[in-house]
1. Out of all the residues in the stretch 30-52, is one or more in a loop (DSSP other than H, G, I, E, B) and at pLDDT 95 or above?
2. Would you mind stating whether residue 71 is assigned to a loop (DSSP other than H, G, I, E, B), open to solvent by less than 30 Å² (accessible area, probe 1.4 Å) and within 23 Å of residue 517 (Cβ to Cβ)?
3. Residues of the stretch 475-518 being over 30 Å from residue 81 (Cβ atoms), part of a strand (DSSP E or B) and either at pLDDT 50 or above or open to solvent by less than 40 Å² (accessible area, probe 1.4 Å) (or both), which ones?
4. Out of all the residues in the stretch 348-364, which are within 21 Å of the chain's Cα centre (by Cα) and either on the phi > 0 side of the Ramachandran plot or β-branched (Val, Ile, Thr) (or both)?
5. Among the numbered conditions (1) under 26 Å from residue 118 (Cβ atoms); (2) open to solvent by less than 70 Å² (accessible area, probe 1.4 Å); (3) in a strand (DSSP E or B), tell me where residue 278 comes up short.
6. Is it true that residue 318 is over 21 Å from residue 130 (Cα atoms) and modelled with pLDDT of 95 or more?
7. Answer yes if at least one residue in the stretch 365-384 is of a type in the set (A, V, I, L, M), at negative phi and part of a helix (DSSP H, G or I), and no otherwise.
8. Could you grab me the full set of residues in the stretch 331-373 that are at pLDDT below 95 and among the aromatic types (Phe, Trp, Tyr)?
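The values are calculated or read from the model by the stated rules, or taken from the named source; none is laboratory data. Since the structure is predicted, the reported quantities are computational estimates derived from the model, not experimental observations. For neighbour counting, all protein chains shown are included, and Cβ atoms are generated from backbone atoms with ideal geometry for every residue, glycine included. Calculation scope for accessible area: heavy atoms of the full protein, side chains included, ligands and nucleic acids excluded. Shrake-Rupley method; radii C 1.70, N 1.55, O 1.52, S 1.80 Å.
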Amino acid sequence: MDPSSKSPDDDDLRPEAEAARRPQPQPQPREWRFAQVFGERAAGEDVQEVDIISAIEFDKSGDHLATGDRGGRVVLFERTDSRDSASRSELERQDYPIARHPEFRYKTEFQSHEPEFDYLKSLEIEEKINKIKWCQTANNALFLLSTNDKTIKYWKVQERKVKRISVMNLNTSQSSGNGTTSSSSSSSSRAILPNGGCSEKLYNFPNNDLLFPPGGCTSLRLPVVTGQDLNLVPRCRRVYSHAHDYHINSISNNSDGETYISADDLRINLWNLEISNQSFNIVDVKPANMEDLTEVITCAEFHPTHCNTLAYSSSKGSIRLIDLRQSALCDNHAKLFEEHEAPGSRSFFTEIIASVSDIKFARDGRHILSRDYMTLKFWDINMDSGPVATFQVHEYLRPKLCDLYENDSIFDKFECCLSGDGLRVATGSYSNLFRVFGCTPGSAEATTLEASRNPMRRQVANLTRPARTLTSLTRAVRRGGENPGVDANGNSYDLSTKLLHLAWHPTENSIACAAANSLYMYYA
């Protein structure tokens, strides 16, 4: 072939191809610092059961944070470090933007759910908040969904102006309108009329509770609004009830801003936010004979941008992706994600620890993060042969599975979260520890942090071999393993202190996590 006949596009494509083959630089591991704590316990202070945090959620903008507790309360926090709040002169003096970590302050709280009793089933329904989801804001009002085991509520929180009225002529206190005083025990037996006249009737008879100044009122004072205070008023707009026979484990908003789903062990229902007395059952895994039941739904989540797509996980460790356009009842999934177990590795605990406790879509909608008892798994929705990467959270507990089964710790439901840029994932563990992993191909980042004012004090050097680089997306990576029998610090672990709930700020490297009744926030 004549070199002169070579296409000019070949030279243009060659640098791009070489750049694609060149290994991409790995993001540097983050150093996490303590930012804030709300509800910190004093040494030796007992924690009330109703004060334990059971749900955490940032809103889409990251300017608000909501927590729910076992007492049925929802507490809202708002961000205070926004650059919008700085004055113009302060902004002009800054030659370059100052890196700030998100700072929040208490905003308000309200009682979302009360304990109930189902008389038909003789079942007590506790007030514990299972999940909180933020909805779209409108007219400077905040909207959110909160749910306990049976009932979902749609809340609106808005600032209302409370007017204060000036003091009028008539006053029931001892002080009169013009500052002089008059005693009801006056020796005079005549009552003074407003126009300055007198009456011969008794002044201090029992029904007379209005006092007038001596000589009457010189002028008529009309009520005037003297001030307006802003108060946050929560109002329950909708109550969605009587749609689930089993405990609700998850709710998720749709990207269309009009609908959401709620899931229990056997069914997923689709709701319209404005219609509280009707829902549509879109997934039903209940068999005709309950003895044939082999798996239950553990979590459900809408796709962040595609309103017709959602995923739900099961107690067998699988994740199903369904398309609402296929049929009204989505019993058949569009894709199935599951990791096949190695031959001969099955034991009594295999299915228990494989149960998925939480799933989250990445912000780009391309990946799904799932958490089972022992691991985090990172999935590509375009590749259903297996997870892209697997992260060992607390491998040191594997020899202790029998003990964990005896004390029911093996059934603990840990949540997971992803960073807004999709480069890192996080989840909780025991001893109030949580772990942060880098999820880019070839990353060996695996950080162990403690929910305390000094999060890095339990950080130890990771002596395990570095993670293998992904040569293709068909190979999974396991990293972050620890030595068996010890925790990440080489000390004994505490199963009574567990970090189940955490959330990642949608736009910044900031994590909020719950340790019992305390809310800790960290940044990197």
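1. As a first pass, look at the stretch 30-52 and keep what is in a loop (DSSP other than H, G, I, E, B): 30-32, 39-48, 52.
Filter once more, so that each one left must be at pLDDT 95 or above: 52.
Yes, the stretch 30-52 has at least one match.
2. On the way: assigned to a loop (DSSP other than H, G, I, E, B): yes; open to solvent by less than 30 Å² (accessible area, probe 1.4 Å): yes; within 23 Å of residue 517 (Cβ to Cβ): yes.
Yes, satisfied.
3. Passing the criteria: 477, 479, 498.
4. Quick first cut of the stretch 348-364, residues within 21 Å of the chain's Cα centre (by Cα) only: 356-364.
Listed by number, the residues that qualify are 356, 359.
5. The number of the failed condition is (2).
6. Values: over 21 Å from residue 130 (Cα atoms): yes; modelled with pLDDT of 95 or more: yes.
When the stated conditions are applied, residue 318 passes them.
7. First, the residues of the stretch 365-384 that are of a type in the set (A, V, I, L, M): 368-369, 374, 376, 381, 383.
With the extra rule that they be at negative phi, the set shrinks to 368-369, 374, 376, 381, 383.
With the extra rule that they be part of a helix (DSSP H, G or I), the set shrinks to none.
Looking through the stretch 365-384, none of the residues is of a type in the set (A, V, I, L, M), at negative phi and part of a helix (DSSP H, G or I).
8. 348, 349 - these are the residues of the stretch 331-373 that are at pLDDT below 95 and among the aromatic types (Phe, Trp, Tyr).
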